[in-house]
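Reviewing the structure listed below.
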Amino acid sequence: MIKMCDINKCYRLSGEDIHALNQVSIDIEDGEYVAIIGPSGSGKSTLMNIIGCLDVPDSGSYQLAGTDTRKFSGRQLANLRNTHIGFIFQGFNLLGRLNALENVELPLIYQGLSRKRRRLQAMEALASVGLADRVKHRPQQLSGGQQQRVAIARALATKPQLILADEPTGNLDSVTGEEIMDLFDRLNREGNTIVLITHDQDIAARANRRLSIVDGKITEETGKGSA
Ligand SMILES: Nc1ncnc2c1ncn2[C@@H]1O[C@H](COP(=O)(O)OP(=O)(O)O)[C@@H](O)[C@H]1O
Ligand SMILES: [Mg+2]
C-alpha cells in the first residue's frame, strides 16, 4: 500500500534549515493497522502530509497503491488522494452549514456519482458508524464523538484503500476517545488499512504495529516479528 524510500523534507525558516524528515523509509502492506508515534515537532504532520499526497518530499521515492507519486502533477495527486485515501483529523473539519449527510456526500461529488448513488453511499457510511438517526443534524447539534464519527463516515464514503488519521481522539474525552478507537479496531478487522498518527502511547498501543518518529527519523518500535 505504502512504500517510502529515503524520504527527506526540509523547511527553510529565516535562513535556518529544519530537517523535518530525515531518510525516512516505510513499508506498509494492505490491511495493516499502523500507529506512527512521536512527540510534538518530531515530523508527524509532515509525514502525514506526504503519505496523504498533500505535500511532496524534497527527495526519495513514494509509492502509493503501486503508483509512483513522483511522476504525478498536483492535479493527478489530488485525484489519487480523493480516490485512495480517507482523511480523519483531530478537529473533525466538518462544514458547519451542512448537515451530517451533506458533509459525508462531499467527497463523493468529486467522484462524479449520481445524486441518488451519492445519497445511498453516504447513508451507508453513516449507518456503519451508528449515526443513521442523525443524518439531518448539523455538526453543532452533535457531540464531539458524534462529529468525529461523521468525519469517519465521510472518510469511508469513497471506500478508500487507506484511512489516514491525525490525532483522531485529540479533541475528545477519554471515554469517547475509546469508542472512536473501538471503531478503528472494527474498521481494520473489516479489512481497512489504517495509519494513525499520535503522540499518545495508549492510543498507539491499539495498533498492530508501531513506528516511532523522533527528530524526523523513523524506527520500528514493536510489531511484525519483533514484539
Ligand atoms: N511550514 C513549515 N515551515 C517551517 N518549519 C516547519 C513547517 N512545518 C513544520 N515545520 C517544522 O518541522 C518540524 C516537524 O514539524 P511537524 O511535522 O509539524 O511535527 P509534529 O506534527 O510531529 O508536531 C518542526 O520542527 C516544525 O517546527
Ligand atoms: Mg502535528
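No lab work stands behind these numbers, since they all come straight from the coordinates. Just so it is clear, the structure is predicted and the values come from calculations on it, not from any experiment. We place every Cβ from the backbone using ideal geometry, glycine too, and count neighbours over all the protein chains shown.
So the values come out like this:
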read-out	value
Least to most buried among R210, R134 (fewest other Cβ within 10 Å first)	R134, R210
Binned Cα-Cα distances of region 165-227, short to long, each 10 Å bin given as a whole percent	19, 52, 27, 2
Spatial separation of Cα centroids for region 164-219 and region 107-130, in angstrom	25
Mean ellipticity per residue at 222 nm, deg cm²/dmol - from DSSP H runs of n ≥ 4 across the chain, formula -39500 (n - 2.57)	-10500 deg cm²/dmol
DSSP bridge orientation in the chain - percent antiparallel, rounded to nearest 5	50
Full-extension gain in nm, S59 to Q201, via 0.36 nm per residue minus C-alpha separation	48.1 nm
Residue order, fewest to most surrounding Cβ atoms within 10 angstrom, among V135, V175	V175, V135
Sorted peptide list for 15-27, 49-61, 194-206, criterion being average Cβ within 10 angstrom, highest first	194-206, 49-61, 15-27
Cα-based Lys proximity count in the chain, under 19 Å, for pairs eight or more positions apart or on separate chains	10
Cα-based convex hull volume of region 24-146 per residue, rounded to whole Å³	152
Compactness of region 3-50, expressed as Rg and Dmax over alpha-carbon positions, Å	12.4, 42
Rough spin-label spacing in nm, given labels placed 7 Å along Cα→Cβ, for C10 and D215	1.7
Overall dimensions of region 104-175 as given by Cα atoms, namely Rg and Dmax in Å	12.5, 39
Region 2-222, relative contact order [Cα under 8 Å, separation at least 6], %	31
Counting all C-alpha pairs of the chain, share separated by more than 31 Å (%)	21
Extension gain (nm, one decimal) between A78 and E124, 0.36 nm per residue minus Cα-Cα	14.1 nm
Förster radius 30 Å - calculated FRET efficiency between S174 and N208, Cβ distance, rounded to 0.05	0.85
